[in-house]
1. Can you tell me which residue among A87, A51, A110 is among the small types (G, A, S), over 16 Å from G163 (Cβ atoms) and in a helix (DSSP H, G or I)?
2. Pick from D147, D156, D209: which is farther than 25 Å from V47 by Cβ, out of contact with any helix residue (DSSP H, G or I) (no Cβ under 7 Å at 6 or more places or on another chain), surrounded by 15 or more Cβ atoms within 10 Å (Cβ to Cβ) and of a type in the set (D, E, K, R)?
3. So, F183, is that one in contact (Cβ under 8 Å) with a residue 60 or more places away in the chain and farther than 18 Å from F58 by Cα or not?
4. Given (1) touching a Phe, Trp or Tyr at 6+ places or on another chain (Cβ under 8 Å); (2) farther than 27 Å from V17 by Cα, identify the lone condition not met by G178.
5. Taking the stretch 129-157 on its own, how many of its residues are over 17 Å from I70 (Cβ atoms) and either in contact with a His (Cβ under 9 Å, 6 or more places away or on another chain) or without any contact (Cβ under 8 Å) to a residue 60 or more places away in the chain (or both)?
6. Between a first residue in the stretch 28-40 that is in contact (Cβ under 8 Å) with a residue 60 or more places away in the chain and on the phi < 0 side of the Ramachandran plot and a second residue that is assigned to a loop (DSSP other than H, G, I, E, B) and aliphatic (A, V, I, L, M), which pairs have beta carbons less than 8 Å apart while being 6 or more apart in sequence or on different chains?
7. How many residues does the stretch 51-89 contain that are β-branched (V, I, T) and either free of Cβ contacts under 8 Å to residues at least 12 places away in the same chain or within 13 Å of L132 (Cα to Cα) (or both)?
8. Pull up the stretch 186-206, narrow it to residues that are without any contact (Cβ under 8 Å) to a residue 24 or more places away in the chain and either surrounded by 15 or more Cβ atoms within 10 Å (Cβ to Cβ) or in a loop (DSSP other than H, G, I, E, B) (or both), then point me to the one that is farthest from the chain's Cα centre (by Cα).
Amino acid sequence: MALLTSNNNSNNDLDEVFHFPSSKNALIIFTRNPELGKVKTRLAATVGNEAALEIYKFLISHIVKVSENIEVDKYVFYSESIQKNDAWDNSVFRKKLQYGDDLGLRMNNAFEQLFKMGYQKVVIAGSDIYELTSEDIKDSFTALETDDFVMGPAKDGGYYLLGMKQLNSAVFRNKNWGTSTVFKDTMEDLKNEKVSLLAVKSDVDVYEDIVNVEVFQQFLKSV
């Protein structure tokens, strides 16, 4: 899932800029910098690095489209370096860098930053869910009006979305990230909490995730 990224912060094209909250709600999107040979490596094993990169760019364009008009503050957290001129419009998306030694720490740090800024509801989503809609994101914030947490389970056993009203670091610790146990283990952490669940959706990690999906056939002509 696209939530899994690295934290090398060298060669930034754009320094982080502080923004005062303009909403009580914030959306975090974790993304990899789209570089040849560094994105969707499991998918690339079948379709090749160039096709994998184009597929990832296509997925980024999708998450931009479904999130850009949602009335919350939107933050893109980059894996490697903050980019000024890319798919993420600087006037719409606030840009930050991920940091931490593993995915759990990076997500924990992102949530912590935004809660310290005063946000009351924070939701994180991956950037590789073609099935994700604007309504899914809106529904996640609505769910937090009555429940403490919201999750979007992925078919591979992970999750594509997580939201909360206050930081719970336990959900980011002691997880085998990238495996089929992540959602189950996270739900165990939240067994005493009120959790709302969105529909199960597929992310894009391997060839089998897209081989029968029409919209991706344009990238598979040489496979």
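Read-outs throughout are calculated quantities, based only on the coordinates presented, and are distinct from any laboratory measurement. In this text the structure is predicted, and so the values were computed from the model without any measurement. Counting neighbours? That spans all protein chains shown, and the Cβs are built from the backbone with ideal geometry, glycine included.
1. The match here is A51.
2. Step by step, each of D147, D156, D209 is checked, and only D147 is farther than 25 Å from V47 by Cβ, out of contact with any helix residue (DSSP H, G or I) (no Cβ under 7 Å at 6 or more places or on another chain), surrounded by 15 or more Cβ atoms within 10 Å (Cβ to Cβ) and of a type in the set (D, E, K, R).
3. No: the conditions fail for F183.
4. Going through the list (1) touching a Phe, Trp or Tyr at 6+ places or on another chain (Cβ under 8 Å); (2) farther than 27 Å from V17 by Cα, G178 breaks only (1).
5. Count: 9.
6. F30/A2; F30/L3; T31/A2; R32/A2; R32/V39
7. Going through the stretch 51-89 one residue at a time, the tally reaches 4.
8. N192
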